[in-house]
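For reference, the structure discussed in these notes is given below.
The values are calculated or read from the model by the stated rules, or taken from the named source; none is laboratory data. It should be emphasised that the depicted structure is a prediction, and the values quoted were computed from it without experimental measurement. Cβ placement follows ideal geometry from the backbone for every residue including glycine, while neighbour counts extend to all protein chains displayed. These area figures cover heavy atoms from the full protein model, side chains too; ligands, DNA and RNA do not enter into them. Shrake-Rupley method; radii C 1.70, N 1.55, O 1.52, S 1.80 Å.
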Amino acid sequence: MLIAFTGIVSLPASAADIKPGARTGVLQGALYRIDIPENWNGGLVMVMHGYQPVGGRITTPMTAADATPVFLKQGYAVAQSQYASQGWAVADAIADTERLREYFVHTIAQPTRTYIYGFSLGGLEVAASIERYPHAYNGALITCGATLSTTEFVSRVVVTPLLAFDTLIPGVLPDLAAPGSPPVVPRDVFAKALQAHPVQAALLEKRLQETADTLPGELWLYYFALREMEQRAGGLPLDNRQTVYHGFGDDNAFNRKVHRYAGSPAAIAYAQRNVTLTGQIDIPLVMQWNVFDPTIPGRFHDIYPEQVRAAGHGKLLTILAPVGQTHCNFTDAQTDEAFEALLRKTGVGG
């Protein structure tokens, strides 16, 4: 992708010539923030944030991600985009982050080293970015990442729990593919239905690696995200007519009862474009998850690492031991340790 910038820019001679502090603005409809630390070491970390529901509050000027001080303390500049849209903004995230990286190069300086960090949905976007722009980065860090291709994420992470809930506790959810279905099913609706069906609730909790406290909120989130994704893609990006489900009680009975959807071919194609991961990476990648993550449960954590290994790039991959509880719950010290691991992997003394 070539991005043109108008005007003549005179770049400073060295990192020492660049004024520290925050720079904020808008690039093609996306808020951005660039932070330059005191005693900048010339390096840059691009940050990709997680899923933000459509309509969520956006602060102007853009506020920094929680991990930003970790990188600044190490002497790295940090640049991050708010993206031009919210929700399943994968396409915008990739394009807006690359645009911001090039903007940094053209208006501030060419970094000595450039890293990219993403958390939650930002993990998928980081994986896609390093596959798409292999020469832009020296290394990547993904924490609590939703690192599955979009079609697989829709099918396995989002829709399977909803279909299982609907099959075991019917009459609560609307048609997932109907344009007129509501955009939200309140968390309390899920909670009350689960409480009224304790046997089915226990089965769902075990199979989905959830707890009684986390399951209602995750079902609410999955339904909300699916409806937003359908609106973006122009239909249901899933065809489960041939899918065989396992682990929800009697497999034969479940597969007879589960709702089958043909999906929208155009929506499925949209999901494949935005994006399908291949595991083809050319730079070191460090990944870490939380011990218990109700949003991206442990059964999904090894999917992208296996893709990377299958593509022949396992030597570039480092998987750190999981730490912390709940989704994306890392202390600054833990993030710093993960970043240090990446620096060592790229030959930089942390």
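Out of (1) in contact with a His (Cβ under 8 Å, 6 or more places away or on another chain); (2) open to solvent by 10 Å² or more (accessible area, probe 1.4 Å), what's the single condition that is false for ALA196?
The number of the failed condition is (1).
Which of (1) surrounded by 17 or more Cβ atoms within 10 Å (Cβ to Cβ); (2) modelled with pLDDT under 95; (3) hydrophobic (A, V, I, L, M, F, W, C); (4) under 19 Å from the mean Cα position of the chain (by Cα) does ILE58 not meet, given it meets every other one?
The one condition ILE58 does not meet is (1).
For THR112, state whether it is more than 15 Å from MET46 (Cβ to Cβ), open to solvent by 20 Å² or more (accessible area, probe 1.4 Å) and of a type in the set (Val, Ile, Thr). Don't jump to the end; show me each part of the working.
Numbers: more than 15 Å from MET46 (Cβ to Cβ): no; open to solvent by 20 Å² or more (accessible area, probe 1.4 Å): yes; of a type in the set (Val, Ile, Thr): yes.
Against the criterion (more than 15 Å from MET46 (Cβ to Cβ), open to solvent by 20 Å² or more (accessible area, probe 1.4 Å) and of a type in the set (Val, Ile, Thr)), THR112 does not qualify.
Please specify each residue of segment 308-322 satisfying the condition of being under 16 Å from ALA140 (Cα atoms) and either open to solvent by less than 70 Å² (accessible area, probe 1.4 Å) or outside any helix (DSSP H, G or I) (or both).
VAL308, HIS313, GLY314, LEU316, LEU317, THR318, ILE319, LEU320
Does ARG101 qualify as being of a type in the set (Lys, Arg), closer than 30 Å to GLY312 by Cβ and either assigned by the TED database to the domain that holds LEU320 or part of a helix (DSSP H, G or I) (or both)? Step through it out loud before you land on a result.
Details: of a type in the set (Lys, Arg): yes; closer than 30 Å to GLY312 by Cβ: yes; either assigned by the TED database to the domain that holds LEU320 or part of a helix (DSSP H, G or I) (or both): yes.
Taking the combined requirement at face value, the residue satisfies it.
Among the numbered conditions (1) touching a residue at least 24 places away in the same chain (Cβ under 8 Å); (2) touching an Asp or Glu at 6+ places or on another chain (Cβ under 9 Å), tell me where ARG187 comes up short.
Of (1) touching a residue at least 24 places away in the same chain (Cβ under 8 Å); (2) touching an Asp or Glu at 6+ places or on another chain (Cβ under 9 Å), only one is false for ARG187: (2).
Quick one: which of ALA225, ALA262, ALA266 is surrounded by fewer than 15 Cβ atoms within 10 Å (Cβ to Cβ), of a type in the set (A, V, I, L, M, F, W, C) and either in a helix (DSSP H, G or I) or outside the structural domain of ILE169 (by the TED database) (or both)? Let's see the steps before the verdict.
On the way: ALA225 fails: surrounded by fewer than 15 Cβ atoms within 10 Å (Cβ to Cβ); ALA262 fails: either in a helix (DSSP H, G or I) or outside the structural domain of ILE169 (by the TED database) (or both).
The match here is ALA266.
Each row is one residue, and each column tells you yes or no for (1) modelled with pLDDT under 95; (2) in contact with a Lys or Arg (Cβ under 8 Å, 6 or more places away or on another chain).
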position: GLY7; (1), (2): yes, no
position: SER10; (1), (2): yes, no
position: GLY42; (1), (2): no, yes
position: ASP66; (1), (2): no, no
position: GLN74; (1), (2): no, no
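Looking only at segment 289-305, count how many residues are touching a Phe, Trp or Tyr at 6+ places or on another chain (Cβ under 8 Å) and open to solvent by less than 40 Å² (accessible area, probe 1.4 Å).
Just the residues of segment 289-305 that are touching a Phe, Trp or Tyr at 6+ places or on another chain (Cβ under 8 Å), to begin with: 290, 296, 298, 301.
Subset that is open to solvent by less than 40 Å² (accessible area, probe 1.4 Å): 290, 296, 301.
Number satisfying all stated conditions: 3.
Tell me, please, whether a residue that is closer than 14 Å to LEU176 by Cα, surrounded by 17 or more Cβ atoms within 10 Å (Cβ to Cβ) and not polar (S, T, N, Q) can be found in segment 202-220. Walk me through how you get there before you give the answer.
Residues of segment 202-220 closer than 14 Å to LEU176 by Cα: 219-220.
Within this subset, residues satisfying the condition of being surrounded by 17 or more Cβ atoms within 10 Å (Cβ to Cβ) are 219-220.
Still in the list and also not polar (S, T, N, Q): 219-220.
Yes, there is a match, as at least one residue in segment 202-220 is closer than 14 Å to LEU176 by Cα, surrounded by 17 or more Cβ atoms within 10 Å (Cβ to Cβ) and not polar (S, T, N, Q).
For every residue, the table says whether it meets (1) aliphatic (A, V, I, L, M); (2) within 18 Å of the chain's Cα centre (by Cα).
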{"site": "MET229", "(1), (2)": "yes, yes"}
{"site": "ARG232", "(1), (2)": "no, yes"}
{"site": "ASN252", "(1), (2)": "no, no"}
{"site": "GLY263", "(1), (2)": "no, no"}
{"site": "LEU277", "(1), (2)": "yes, yes"}
{"site": "ASP282", "(1), (2)": "no, no"}
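Here are some conditions: (1) open to solvent by 40 Å² or more (accessible area, probe 1.4 Å); (2) hydrophobic (A, V, I, L, M, F, W, C); (3) touching a residue at least 40 places away in the same chain (Cβ under 8 Å). LEU168 meets all but one. Which one does it not meet?
All conditions pass for LEU168, except number (1).
Looking for whichever is out of contact with any His (no Cβ under 7 Å at 6 or more places or on another chain), assigned by the TED database to the domain that holds GLN325 and open to solvent by 10 Å² or more (accessible area, probe 1.4 Å) here; the options are ALA191, ALA140, ALA136, ALA177. Which one fits? Step through it out loud before you land on a result.
Numbers: ALA191 fails: assigned by the TED database to the domain that holds GLN325; ALA140 fails: open to solvent by 10 Å² or more (accessible area, probe 1.4 Å); ALA177 fails: assigned by the TED database to the domain that holds GLN325.
Answer to the selection: ALA136.
From the list LEU221, LEU162, LEU236, LEU176, which one is closer than 22 Å to VAL90 by Cβ and in contact with a Gly (Cβ under 9 Å, 6 or more places away or on another chain)?
Numbers: LEU221 fails: in contact with a Gly (Cβ under 9 Å, 6 or more places away or on another chain); LEU162 fails: in contact with a Gly (Cβ under 9 Å, 6 or more places away or on another chain); LEU176 fails: in contact with a Gly (Cβ under 9 Å, 6 or more places away or on another chain).
Residue meeting the stated conditions: LEU236.
Which of the residues that make up segment 210-222 are over 23 Å from HIS246 (Cβ atoms) and either outside the structural domain of HIS246 (by the TED database) or not in a loop (DSSP other than H, G, I, E, B) (or both)? Give the steps one after another, and end with the answer.
Within segment 210-222, the first condition is being over 23 Å from HIS246 (Cβ atoms), and the residues that meet it are 213, 216-217, 220-221.
Within segment 210-222, PRO216, GLY217, TRP220, LEU221 meet the criteria.
May I ask you to list pairs of residues, at least six apart or on different chains, whose Cβ atoms are under 7 Å apart, with the first in segment 270-283 being of a type in the set (D, E, K, R) and the second being modelled with pLDDT under 95 and surrounded by fewer than 19 Cβ atoms within 10 Å (Cβ to Cβ)?
Once the first residue is of a type in the set (D, E, K, R) and sits in segment 270-283, its partners that are modelled with pLDDT under 95 and surrounded by fewer than 19 Cβ atoms within 10 Å (Cβ to Cβ) give ASP282/PRO134.
Which members of segment 61-70 meet the condition of being part of a loop (DSSP other than H, G, I, E, B) and either under 18 Å from SER120 (Cα atoms) or open to solvent by 70 Å² or more (accessible area, probe 1.4 Å) (or both)? Explain how you work it out, then say what you get.
To start, the set of residues in segment 61-70 that are part of a loop (DSSP other than H, G, I, E, B) comprises 61-67.
Across segment 61-70, the qualifying residues are PRO61, THR63, ALA64, ALA65, ASP66, ALA67.
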